[in-house]
Structure formats: structure tokens, C-alpha cells
2 protein chains.
Amino acid sequence: MLLERDLLQSTGFRNVREGGRVTGFQFRVRMPSYRGMAASLIDGIAVRVGDLVDVGPDVPLWTFGGRTYTLPELWDGDGVRWPLEDAAIVTVPLEGGLPDGIHEVSIELRLRMSYIPEEHQPSTYRVTRQITLSPEADGGPFRYGVSLYSYMTDYGTVLDLETALAHVADVGATGVEILGEGHIAGYPEPTAEWIDRWFALLDRYGLEPTNYGSWIDTRLHSSGSNARRLTVEEGAGMLQRDLRLAKRLGFRFVRPKIGVVSSDLVPDPIWTESVERSLDLAAELDVVICPEIHSPTPIKHPVVDDYVDLIERTGTKHFGLLLDTGIFQDRPIPLRPGELPGQRPAFLDGIGVDPADIAGIAKYVVFIQAKFHDIDKHLEDQQIPWEPVLRALKDAGYTGYLSSEYEGERTPWRSIEQVRRQHSLIRRVVAGL
Amino acid sequence: MLLERDLLQSTGFRNVREGGRVTGFQFRVRMPSYRGMAASLIDGIAVRVGDLVDVGPDVPLWTFGGRTYTLPELWDGDGVRWPLEDAAIVTVPLEGGLPDGIHEVSIELRLRMSYIPEEHQPSTYRVTRQITLSPEADGGPFRYGVSLYSYMTDYGTVLDLETALAHVADVGATGVEILGEGHIAGYPEPTAEWIDRWFALLDRYGLEPTNYGSWIDTRLHSSGSNARRLTVEEGAGMLQRDLRLAKRLGFRFVRPKIGVVSSDLVPDPIWTESVERSLDLAAELDVVICPEIHSPTPIKHPVVDDYVDLIERTGTKHFGLLLDTGIFQDRPIPLRPGELPGQRPAFLDGIGVDPADIAGIAKYVVFIQAKFHDIDKHLEDQQIPWEPVLRALKDAGYTGYLSSEYEGERTPWRSIEQVRRQHSLIRRVVAGL
């Protein structure tokens, strides 16, 4: 497990209940010293949350190793420790708790260092940060998940698998989506030990596997003197390898990303036969193959017609459509430093598919990747119009997963808070439909 | 294991030998995509190093899973993969290799993405970065180590224990220093499993435990209604707890950081008896207790006289001095944003102890923490005058460890490259003595 860099962690910021009543809220704090220390060296933490909360350093409670203490209990105690590697859990009593959304939280943490002259003591650490409360609304009729794609670049540099799953669970999600060749160590042949740990982690964090991303790498052998195209046999082999592995790990959906042969992303013609040859296996495993409808391809497009045609022609229940909400983007992704308008693909400005188009394909849609790029501190998405999209999905009778796919700026740790914001935002919108 | 954020990793940048000859150099590259991929999708990597090297994309060799391939071998191969979680090792042939020091390395990495239109292919990633070659000079008469304190704030957020030890080993260090309550999970009672893993990691990375940092927390119970001073029994108990644990983990030195009672860091008077009561145990365990001489306390100071007096009085071989090179700092640490001169303790400008003072205490010095704050891209330390310090240590006959203690800016990942620079710098200076 790894901690976020900020002392004040996003993950863990939530209301707390006793019996059925919300009696306060809590958050996690990383140890600011370079070492862990006995908890009796804590001299309290003052907490402010916007205009809602302002409590002195002796008010909050402290949780270490699953036990909760008042400050005087820490002072009198012996053997309770705040380890360097674990965040302290700070609980602030507040009848009814905090409202859902983003809050400006300020802390003033005091620690006693025996090796610093007393006139400079206690050591005081002040931090103010916008963090998002774990949402409480149940969010029906949809189910909520997160794709580990959201943590791209953070994954493997500031997050490991367990840390990622802990972040996912903390937004109240019940589903986790992965990329096969990305999040499975030793892909395509993970060890039995890795698989055991995968299920143990799912259990610990209360998550179920949802969708598994795979690739049909049609250009696998297109460099070199023996360059050649991928055959149908090879394409089907790749897909079937991932169907089997996905099933072993408990996934119900597999999204193959298929190589393209044109500027407007028409898939390599081998896709049809590669899929058709795999439908029996998909049925046997009870896994649904679901290519994505992804910007710049809109819903009304020959590629989508071909997917639907395959379903109708074969009558399969194991092929469906995955909708990526990036197609509804109606405002541009900001230019990067040095980037000029017109120098980049036009679809980055958003292809603005009309959410009303969902109705025409709704019965084939089995999974939704809730693609987004930037949600600001007022909980407003800068690119995706969630209200009409979610309304159209609800009206179309969709009751499956909305699986977060954060695709914005890759500043370290940003993804964690952005995913929290999206879950808060979507549940708020859904509650108002 | 976690990777550095930059595509071009600092750790792993080294010359390579075949037989006794240096035949090239190598470095590690993080996968820039959001997924791992078959290595036949690599379309090469062009490499430049200052004015020394400029090779095309097909020249470097690639190592995955311990096997090395040419680019055509990757193209023709099947089943070789570049996993998301592992850096690729890129080897560039160069008779005689690169000279020690910091190099500006540029790469242009090309990967083939089947799902992107061909006119935008291959995907090309360009990075230029200053990185430090693992030094080759043997560095005698000193031995070389790193304190995990160097990675403060990175540790637990972008580094785990194994990653930290891999970084330490990669500078050619043979010793590792830790903080007991900081780097031992479950301190003060690590599990048997943790201890087994500790020794397995030491073995894997060819490291020996050197010094173990502990605390005598004299203000453990100085808050609350029952506030009281720490007793000698408690002080001795803390020290003995850490002596025992240090021994179990293979350490030969324990540095207790003792609580202070004055502005100029005079230790709490309980230190003497706490130490004296622990000398028999230290002898039994064959561990040396060594408090540090640390800025703002210079070498010529009553505190140091008291330490020496204890050694002379008791005749012990299990108490000595640890010298922190911060006392030789002769140029200021830069002001932080918003900080004004005169608003901070004067010692941050450096107390500039004369390295000639080392001679007077040399026979008591058992360990050196090579404290530093900033080494620039010309391999020049901005605060510590290494040449006279290292000369004085050599002249005094010191042959023990120089254990890096980076204490500069805590920008994520900065510590890794700073430690590499220090090891390169010190070995260069030592070679010239």
C-alpha cells in the first residue's frame, strides 16, 4: 500500500455512522515526519471544513490499528504507534455529517519532537486541500465501477494493485475494470499466487471484476523483413487467450481493442471471423465480448452497424456493445502547452454525439466506460454533459455499470481525486433525474 | 517494485562489461503506453548522449526477462513482452563505455499501436534527461552506503522497501542504513515473515545493514494531566529495545537520537545513565551505540566532550561517535519561497566546522552520515566542501562507511538522482586525493 503525497489524503474522506445515524466524518493523514512515532507524541489536530466545521486540536479522535482514541487516551497510553507507512484516521464528531461533494479541508497537526528545542515545539503542520467526500447516494438504477485505466502512469509509479483497489472501493464502487496486459503481473500467464492474491484483494475491498480490456494486435508482425498481416487464426487466438484469462479472474465482459485499417478507425476485416470463431468459447465461459464505440466513431456509423449485424445474424448473447462516454464530449480538451488549434485531430474538440442516439442501440449495450477528462472544484465536468447522457441511459433502461475512465492530465496523484469527483458528480446528477 | 516517473530511469544507467572489457552502456525505460505489449511492437529507440553517442533506432539491444535481443529478433519473435510494470533495459554498444558523471541522455522511442491509423504511426516518445552513470571507481579507503532517510517522503509514496534497496545497490553501495521506527513494518515487533524478506532483499541486492537510527523520546509523556519526564529506566528500555531489534536485522551500529533540554541541543541528562546501563547488552550483541555529532553542534563542544568522556571512563568498545557531514556545511541552504534571511535558525547557513577538527576525535568516530542537500548538474555540491572533508577523513585513517543522507528538496523522485550524484561526486573526489 502506498499513500498519497499530500498529508491530507483524498481516500478515506467520508461520513461515519453509529447505528443508523451519521455522527461525524473522518479523513486520513500521512505522517509528516521522516519516521513513525509513539502516538503519545501527538499534540492534537485542529480541523476546519469550509464554514461548516471549526474544531480545536483536542476535539478529533484518532484511530490506529483499528482502535479509536481520544487525545488524552493517546497521552496516557503506551505502545500505540503511528507508523510511517500508515495514515492516521482522524474522526471529527458532527451530527448529520458533511454533505456530499468537494470540501475545503484545513488541518493544523501538532507533533512533539523530543530532539528539537522546546521553544520551537510542538512541530506544527498546516495543510489546506480540496477533497471529495465518498458519496452516499445509492446511485440507482446504475451500478458503479472504476477502470484501473483511470490511474494510468500513476499505476506502477505511485500506486500498486492493492492501493488502486483501495481507492476504487473508497468511492463506493462495487466493480473494477482492468486491462489484461497491464494490470496482471506475468500476463498472459500469471502465477497461481498472483491469482490467489487477486481474489483475496477483491474480497478485502468488496469489489467484483467487471470488464477486462484486451487487444487484437493486428500489427504484431508488421515490421522487419518477414513482415506480414495478422491472420484470422492469430486474431481468434489472441481473443480466446484473453477470454479464458478473463474468466479465470472472474470477469464477465471482455473488450477487445481491434487494430484499424483506415483514418476513421474501421477495424481490420479479420475482426469478424476472429470474433465469430470465438463465440462458442464465449458462450461456454459465459463472458460477453464487447468492442467499444469510441470517439471519433459515433453511434450512427457503419462500424457499429456491422457489430449489430453480427449480433442479429448469429443470435449470440455473448457479443454486445461497450459505450465510451467520450463520444458525447461537447467541449474541447484544453490545448497542451505549445499545441495550436488545428494542429491536432479535430475529435479532441469533442464529436458531440446526441445522447438521444443511445435509444437506437440501447438493447445491445452491455457496458459503459464513463470516460472523462476534467472535473473542476465546483464539481462541474468540463467536457462531458452528464445530465443528458445519464438521462438517456436511464430512459433507455440501462442498469449496468458506469465504469470510470479518467483520461485527463497525468500529474501524479491527480487521478485519485478526479475519480472521486466523478463518482460524486454522477450520483448527484442521477439523484436529480 | 515501483518505477521512476520519468520514462528514462536514473537507476540502471551504467556501463556494461563483457569479459573484462567495457563494451557499452545501458539504461532502463518505463513503458510509455497505458498497457504492456508484445515486444515485436517496438520499432526501435534512437539514443543520444551529449556529444559522445548518437545511434539510430535499430542499433540498441533490448533486454526483457533477463534475455537480450536485437530489434529484428524482437520483430521475428513471439511471446517476448514488455510488461507495464517492468522497465525495458536498453543496451548501446560503445567500446570503453561512458565516463563517470552526469550525462544528458536523449531517446526517441517508437512503438507500433495497431489501433491508431497508420498515418500517425509509429507512436514516438522523445525524452531528454540528465542522469548519473553508476560510478565505477572503487572509492577506497572508504566504504559506501545509503541511508533510507535520503528517500524521506518518497518512501511510502513513490518507493517501497524493495525499490529503495534497488536504488541503493545501483550506485555501487554495499551498505544500507535505516530508521528503526520508519522502515521496519510493524515496528517494534516486525513479523518473522517481514524479517525473512528483509534478509532475502539484502541478499538479492548485495547489501549489508550498517547503521540503525533509533530515538530516546524523552518527551513521550510530557502532554496531558499526568505529564512527567522520562525516567532513566524508560530511556534505557527504549535504547535496549532498539539494540536488540537492530541486532536481529543484522546491524552493527545504533544511533540513538536523544531528546534535548536546551536551545543548543544539550541532551537530556538521562542519556548518560541510559547508555551506561546498556553497554553490557551492546557488548553482548556486539553493536556499537553511536550518537551523532549534528549541526548546530560542532566537534569542539561540551556535548562531544561528554561522549568522549564516557568512552574513556568506561573503556567501552561499544560506544562511539557518528559524524554527520552537515557540520561542515559552509554555504547556506537556499531560502524557501517566502522565507526571509534572519527569520530562520542561523545554522541553516552552515556552521562551517573546520575539517581539521576531525583529527582530534577521529579515533572515536565509527560511522559517517554523508549529509548533503543539493548537487547540481555539473556535479558540484552547493553546501558541503567534500574535498577537504574527505581528505581530512582519509588523513585521519577513517576506513568505514560514508552513508548518504540526502536532506534537500522533497520533490517526488528527486532523492534518487541526488543520491546517484553524490556517489559519483564523492568517488571522483576520493580518486583525486
Mean Cα-pair separation over length for the stretch A:155-303, i.e. relative contact order, pairs under 8 Å, 6 or more apart, %: 21
Rounded Å value of the spacing that divides the Cα centres of the stretch B:250-278 and the stretch A:83-110: 36
Average accessible area per residue (Å²) across the protein assembly as shown - probe 1.4 Å, nucleic acids and ligands excluded: 39
Loop trypsin sites (Lys or Arg not before Pro), the stretch B:380-433, which have at most 11 other Cβ atoms in a 10 Å radius of their Cβ (DSSP): none
For chain B, built as a Gaussian network whose Cα springs stay under 10 Å, the top-fluctuating residue of B:Asp58, B:Asp286, B:Asp324: B:Asp58
Debye-sum result for the stretch A:93-228 in log10 I(q)/I(0), which assumes one identical scatterer on each alpha carbon, at q = 0.11, 0.20 Å⁻¹: -0.66, -1.21
The stretch A:187-235-the stretch B:171-194 distance, computed between alpha-carbon centres (Å): 36
Shielding by partners, peptide A:177-188 (average Cβ within 10 angstrom, other chains): 4
Three-way shape label, the stretch A:349-433, alpha-carbon gyration tensor, a/c 1.5: prolate
Peptide B:211-220 - average C-beta neighbours from other chains (10 Å radius): 4
Mean residue ellipticity (222 nm) of chain B, computed from DSSP H runs ≥ 4 via -39,500 (n - 2.57), nearest 500: -7500 deg cm²/dmol
Range of Cα positions in chain A per principal axis (Å), largest first: 77, 50, 45
Shape parameters for the stretch A:230-272, alpha-carbon atoms, Rg then Dmax in Å: 12.0, 36
Per-selection Kirkwood Rh - the stretch A:254-384 (Cα, Å, 1 d.p.): 16.2
Surface/4 of the Cα convex hull for the stretch B:11-161, nm²: 11.4
Accessible area buried, both sides summed, chains A and B with 1.4 Å probe, Å²: 5600
Max mean-square fluctuation residue, GNM over chain A, Cα-Cα springs under 10 Å, options A:Glu18, A:Glu208, A:Glu276: A:Glu18
For A:Gly79, label point 7 Å along C-beta direction: distances to other copies, nm: 5.5
Chain B, accessible surface, carbon-and-sulfur percent (1.4 angstrom probe): 50
DSSP beta bridge pairing in chain A, given as percent antiparallel to the nearest 5: 55
Convex hull per residue volume in Å³, alpha carbons only, for the protein assembly as shown: 175
Delta accessible area of at least 50 Å² on complex formation, residues of the stretch B:99-122, 1.4 Å probe, chain isolated as reference: B:Arg112, B:Ser114, B:Tyr115, B:Pro117
Highest-MSF residue in chain B out of B:Leu133, B:Leu265, B:Leu52 [GNM, Cα springs under 10 Å]: B:Leu52
Amide hydrogen neighbours beyond the local backbone of B:Ile258, cut-off 5 Å, H modeled: B:Ile216
Ascending list, in nanometres, of distances separating the B:Gly342 label from those of the other copies (7 Å, Cα toward Cβ): 5.7
Teacher prompt: B:Thr411 distances to equivalent labels in other copies, 7 Å Cα→Cβ, nm: 1.5
At least 50 Å² of accessible area lost relative to the chain alone, listed for the stretch B:1-31 with a 1.4 Å probe: B:Leu2, B:Arg5
Approximate shape of the stretch B:173-260 as ellipsoid semi-axes (Cα gyration tensor, √5λ), whole Å, largest first: 29, 13, 10
Largest to smallest accessible area among A:His423, B:His301 [probe 1.4 Å]: B:His301, A:His423
Cα shape, the stretch B:88-144, gyration tensor, a/c 1.5 rule: prolate
Whole-number Å³ per residue for the convex hull built on Cα positions in the stretch B:173-219: 73
Chain-alone versus full-assembly comparison, the stretch A:140-157, residues with accessible loss of at least 10 Å² (1.4 Å probe): A:Tyr149, A:Met152, A:Thr153, A:Tyr155, A:Gly156, A:Thr157
Efficiency of FRET from Cβ geometry, A:Asp6 and A:Val55, R₀ 22 Å, rounded to 0.05: 0.60
Exposure ranking of A:Asp354, B:Asp78 by accessible area [1.4 Å probe, largest first]: B:Asp78, A:Asp354
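The values are calculated or read from the model by the stated rules, or taken from the named source; none is laboratory data. Not measured: the values here are computed from a predicted model. When we count neighbours, we look across all protein chains shown, and the Cβ atoms used for this are built from the backbone with ideal geometry, even at glycine. Accessible surface areas use protein heavy atoms only, side chains included; no ligands, DNA or RNA. Shrake-Rupley method; radii C 1.70, N 1.55, O 1.52, S 1.80 Å.
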